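Trainee: To start, I am sharing the structure in question, which I have written as structure tokens.
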Amino acid sequence: MPDDAARPSLGEILRMARERLRAAGGATPDLDVELLAREAFAATRAELRLRAAETPNSDTLAVFEALLARREAREPVHRILGRRAFYDHEFALSPETLEPRPDTEALVELAARALRESDKDAPLIADLGTGSGAIAVSLLALFPKARCIAVDLSPGALVTARSNSQDAGVASRFWPVAADYLAPIADRLDLVVSNPPYIPTSDILRLDRDVREFDPHLALDGGEDGLDAYRAIARQLSGSTFGVPDVLFEIGAGQLQDVCAIMEDAGWALHEVAADLGGVERALWFRPLGADQLP
């Protein structure tokens, strides 16, 4: 067994790890190595720098190597860690859930504005395709009297979402339902929010490998043109018995006009658009036709 002087320091190990991920085609090798190292060595970012000259013990080094090998094989870093930060909380992931991504924070912000403007004391929200529960949990944390019916086709996703609601302290107001969008809901709703699948089927094979091989296709595949989910929700809205709530969607790049047309046919008009951090029109807020002209 070599002595410590013959073994690489933590700083050298991290440098070589970054080179390995860069060679494997990773887009963010520096960040990925930092996140994996913080997990394996139980260290903050600052502590990793302070300990750069130290020689890690073989056990922790083996943990880091195992994590690194998974990322080298293109498993997403947050899948490896089993969690991802979103808005004000950290969310556990499972194979049945998408990773909550920063783009979706635009939808949360827009939905929060809609709830503030509605001025309802205890609004009832429906989150359609809740996945990890990121949208629902974030809104319930912002509005302590709000309640949310969290709908998903995947029972496994709902188990994860329920756990995330417990971790965030909002479980008593988070009601998971395994169903197809609005189908099981009879209550009068104040707001409907959804980040539905919107990738055209033929585009899925062209997605980055990290997404294509590790995100659930049920949460990605929006049908031939990517708009199947919007049509389904619009049909349910047009025949609804649960009032005329504000409706908010996340959309894919270039889908604004098509989604607006679908919603207008169902009786909803575009009220506001919000862009994500990249400047892409990402979140749409619809109100019932004529609502903006009411006194």
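What follows is calculated from the coordinates using simple rules that are stated; it is not laboratory data. Predicted, not measured: the structure shown is a model, and the values here were computed from it. Cβ placement follows ideal geometry from the backbone for every residue including glycine, while neighbour counts extend to all protein chains displayed.
Trainee: Taking just the C-alpha trace of the range 1-141, give me its Rg and Dmax in Å.
Mentor: 19.8, 68
Trainee: Binned at 10 Å from 0, what are the whole-percent values of the Cα-Cα distance distribution for the range 141-268, short to long?
Mentor: 11, 38, 36, 15, 0
Trainee: Taking the Cα atoms of the chain alone, what are Rg (to one decimal) and Dmax (as a whole number) in Å?
Mentor: Using the Cα atoms of the chain, the pair Rg, Dmax is 21.9, 81 Å.
Trainee: Taking the Cβ of A46 as the center, what net charge do the other residues with Cβ under 12 Å away carry, scoring Lys and Arg +1 and Asp and Glu -1?
Mentor: My count for the surroundings of A46 gives +2.
Trainee: How high is the relative contact order of the chain, in percent, counting Cα pairs under 8 Å that sit 6 or more residues apart?
Mentor: In percent, rounded to a whole number, it is 15.
Trainee: Just F174, F214, F41 to compare: in a GNM of the chain, with alpha carbon springs under 10 Å, which one fluctuates most?
Mentor: Per the Cα network of the chain with a 10 Å cutoff, F41 tops the list.
Trainee: Over its Cα atoms, what ratio of radius of gyration to 2.2 N^0.38 Å does the range 193-254 give?
Mentor: Cα-based Rg divided by the globular estimate yields 1.27.
Trainee: Right, another one. Within a Cβ distance under 15 Å of S202, other residues only, what is the Lys/Arg minus Asp/Glu net charge?
Mentor: -3
Trainee: Determine the percent antiparallel among the DSSP beta bridges restricted to the chain, to the nearest 5.
Mentor: For the chain, the DSSP antiparallel bridge percentage is about 45.
Trainee: Follow-up. Report the Rg/Rh value for the range 108-200, based on alpha-carbon coordinates and the Kirkwood definition of Rh.
Mentor: 0.94
Trainee: Report, in deg cm²/dmol and to the nearest 500, the calculated mean residue ellipticity at 222 nm for the chain, where each DSSP H run with n ≥ 4 adds -39500 (n - 2.57) and the sum is divided by the residue count.
Mentor: Per the formula, -11500 deg cm²/dmol.
Trainee: For the range 58-184, give the share of DSSP beta bridges that are antiparallel, in percent and rounded to the nearest 5; count only bridges with both residues there.
Mentor: Around 30 percent antiparallel, to the nearest 5.
Trainee: Using R₀ = 22 Å, calculate the FRET efficiency as 1/(1 + (r/R₀)^6) where r is the Cβ-Cβ separation of L205 and A269; round to 0.05.
Mentor: 0.05
Trainee: Specify the residue with the greatest mean-square fluctuation among E99, E264, E39, computed from a Gaussian network of the chain linking alpha-carbon atoms under 10 Å apart.
Mentor: Largest GNM mean-square fluctuation: E39.
Trainee: Separate question: Note down the net charge around V137, summing +1 for each Lys or Arg and -1 for each Asp or Glu among other residues with Cβ under 11 Å from its Cβ.
Mentor: Once all neighbours under 11 Å are counted, the net charge is -2.
Trainee: Here's something else I'd like to know. State log₁₀ I(q)/I(0) for the range 139-183 at q = 0.24 Å⁻¹ as given by the Debye formula over alpha-carbon point scatterers of equal weight, solvent excluded.
Mentor: -0.81
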